[in-house]
Every structure is written in C-alpha cells, then in structure tokens.
Ligand code: MN
C-alpha cells in the first residue's frame, strides 16, 4: 500500500494542502466509490474506486456518461488514499490540482471484473447509478462506457442546434395571458452546457464561444446538467444601460489577447430568459411559464450572467418604465406559448422605444463634399414574405471615418453588375453588391410600405444571416 501511494505523495506537499496523506485506515469489506467534482485549471470529475487498500482513480473531463450512446474519455490518475473518499475543500494555488473539490456522489459498488485494461462495476450512488465499464483504448487513454440502459427510458440526446425563436413587432398586447420582459439590446445567443462546459452560438449558428471567455464559468456553474439556454449577450455602458456600441467592440474582435484584455476590463453579461432543454428532455413543447419555472429552479446567478424577472400583466407600466430608463423596449410573451425554434411567432411580441432594425446592404453610393468619390451612403434592403429583397431606403449618416474606410474595403470585393433588389430600385449610380452584409440602423419611422425614415448607421453585425432580415411594416402585423 505504501508503494501504491508513492506517486500520490510525490506530487503533494502535505504541509500546504489539506488533502490526506494516506497513513490511516485499513480496507473495509464493502467496496466504496466517490465521484468528486474538481474545478481545477480545467473542470473534470474524479471517479475513485476502492480497490486493494487504495482508491483507483480516473479523471473524467465530461463527467460520468448517463447515456450508453456516449462514451467519455477517462484519464487514469495515480491511486489515492482511502481517506480521499471524504475529501472536499480548497486545494491552494500553486499546489498540485489547485482548485475546489466537491463531493458529487458517493456510494458502494459491485465489482464484476478487474483487469489491467478493463474494469467493470455496478455503481450504487445517489446520483450515479448503473453498470459501467472502464477500458483502456491505446497508450494511457481510457474510456468510460455505460452498459445498462439509463433509468429514464424517455431520455433524449441533447440537440446540437436549436434556432432561436423570434418575436413579431408590436402593438403591445394586453391581458392576463401575457408576461412581459425587458428587451435587452445585445446579441442573441443560445448556450449549450454539458459536462461543465458552455458553447455559445449566434442566431446564424456560428460558434461565438471564444469571443466571450468571461462566460465560461457559467458552464461550471451548471455542473453535470445538460442544458440549452436562450438569452442575450449584453455589454453595459458606464451609465449602466446596455450599450450596443460597446458590444460592437467585442463582436468583431479576432485577436486572442484583445479578447482576453477586454473580457476582464469590460466584461459582457449573458442575460438568460429561456430554457429549452434540460437533462435529457426537450422543454420546447412546455408553456412559457413552465420553462421559466424550470429556469428559475437552476438558480443561475453569477457575476456575469443573470436571469431577470418577467412580469405578469401590467405591460404598459413596464413599457413606460423601460422608456423612462431609455431601454430598448419590452417583449410580451404569451404564458401558454411553446417555444418555436427559428420561427417568428405571434406568441412573442416586441415593442421598441428606440427604433432600430437590421438591414441588408445591397449597394452603395458615392458621396460628395468631403466624401467625394468615396462611400457616401448605403442602399438598404430587407426580405419580403416571398423571399424577394426589397429596397427600403439609403443611409448616409452615423459613420465614423474609420468605419467608412472599413466598409469600403468590405464592399468592393462584393461588387456585382446587376441589382439584387426586386421592384422599386435605389437611385441611379448605385453600385450594387452581393447582399451579404447586415447593418443595424436607428430610425424615426417606417412608411406603410416599409421604407425606413431618417436612418442612422449603428454598425455591422455578423451574427445575423442576411437571408433572415425581414421587412418591417409600420402598423402591419
Ligand atoms: Mn482531479
């Protein structure tokens, strides 16, 4: 036993870590196991099986698989002393395995087979139960596989992708069957959490996880839950209000060091407002209120993520409050409304204070005066119900010099000879481009046919697929 624990002891300084040294305890007749949740440099779960007087150990980065269809990598680590069955706490910085160790589950197990390369057990824990095999694949790698069917026969695998549900534009619906939420001015993000890790996808299903490293701890906060969250990534300005301009500074960053710096100095927040999948079960068919209840039960609240309240009834008062605080607007959600991925539903209705919309850039015009010969205005478009791109006006203000230069560089390679617009055409002399860039504009009014009045350019967005930019018509549902 002394020899078995030599590697364990070599790695540790028992003056400085609260972990046990392994000098006590004779083996007991009943075989015990523990699964520890170890939030170290990288999150993992440690499975330890009592065997011949020590704890045979594996680090399992994605956790003990609940499902026979998915095997998880298990890294064999050094044997640990039996006292480790009860160890939890902080391993100090600078020590081996520094971080927080929590007991995730503990119990007894039946041994079915113990070979050099294969260990077969039946675990009887509170949370981890079932027949598992650990087997060596090549070199030092092991896998853990669940052999018996999970206790819950209705378990479904977590979907790889759920398209966000979209809201229709307003008038504000009123009545007891509606709940109201603040509309957050940021970028929509679906969060997929599994095995302590979080992946964020934009509306057009791009992986945007690397852009927001400050949100990574949310994966850890969800532990072994499999969950799909819906929410908005928001950057708050110095005045405490969401700042789309500030978020712009984060959306387009590619340099890893810049991302790291800004994620510390100006962290974003993930504002979570829906829960679409939880632990093997889709919640899409559930009514909105029930999904919100399940979301609340997860008790998510952290430094950079939050689950803001929704309000039943009294929409006009919330809209007024949002206007007074100069927030973007509110969203009304019907209490019994299921989640309809990728669809613009009349069960969700947005009402904006600041009028802002997305447009597709279909061309550009040269400027005059100070901007002679260079980019002067953009020809804006949006898709109608038939999937035709309609011209909705031009925008010639709101640009900085740097942004004009950047846009010109992006537009030139997209040039095409013919117009991408159907029906009404932009002014002569418009240079047409492939309609792939999406811009965000603020405006005062929409005409009845959907032309945008007094637009001002706010920035490009690469989280929205140009094909999804739909025409908004004033007063028309
Ligand atoms: Mn560990």
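Quick notes
- One Cα centroid belongs to region 170-195, the other to region 197-248; the line between them spans 15 Å.
- Only Cα sites of the chain enter the Debye sum here, all with the same form factor; the resulting log10 I(q)/I(0) across q = 0.11, 0.13 1/Å is -0.96, -1.17, listed in q order.
- 318, 47 arranged by Cβ crowding within 10 Å, fewest neighbours leading: 318, 47
- Separation of the residue 428 and residue 13 label points, Cα + 7 Å toward Cβ, nm: 8.2 nm
- For region 356-468, convex hull volume per residue from C-alpha positions, Å³: 102 Å³
- Whole-angstrom gap from region 136-167 to region 404-443, using each part's C-alpha centre: 45 Å
- Taking the fewest neighbouring Cβ atoms within 10 Å as the starting point, the ordered list for 177, 160 is 160, 177.
- Folded to 0 to 90 degrees: helix 315-324 orientation relative to the chain principal axis, Cα: 80 degrees
- Region 3-146: C-alpha gyration tensor shape, a/c 1.5 cut-off, then a/b vs b/c: prolate
- For the chain, calculated [θ]222 nm from helices alone, where every DSSP H run of n ≥ 4 adds -39500 (n - 2.57): -3500 deg cm²/dmol
- Principal-axis analysis of the Cα atoms of the chain puts helix 256-265 at an angle of about 90° to the longest axis.
- Centre separation in Å (Cα based) which lies between region 356-372 and region 86-128: 61 Å
- Anisotropy class of region 416-477 from Cα gyration tensor, a/c 1.5 cut: oblate
- Percent of C-alpha pairs per 5 Å bin in region 204-290, short distances first: 3, 12, 20, 22, 17, 13, 9, 4, 1.
- Ranking of 428, 394 by count of other Cβ atoms within 10 Å, fewest first: 428, 394
- Acute angle (nearest 10 degrees) that the helix 401-411 long axis makes with the longest principal axis of the chain, alpha-carbon atoms: 80 degrees
Bear in mind that the values in this text are calculations on the coordinates, not laboratory data. Since this is a predicted model, take the numbers as computed values, not measurements. Counting neighbours? That spans all protein chains shown, and the Cβs are built from the backbone with ideal geometry, glycine included.
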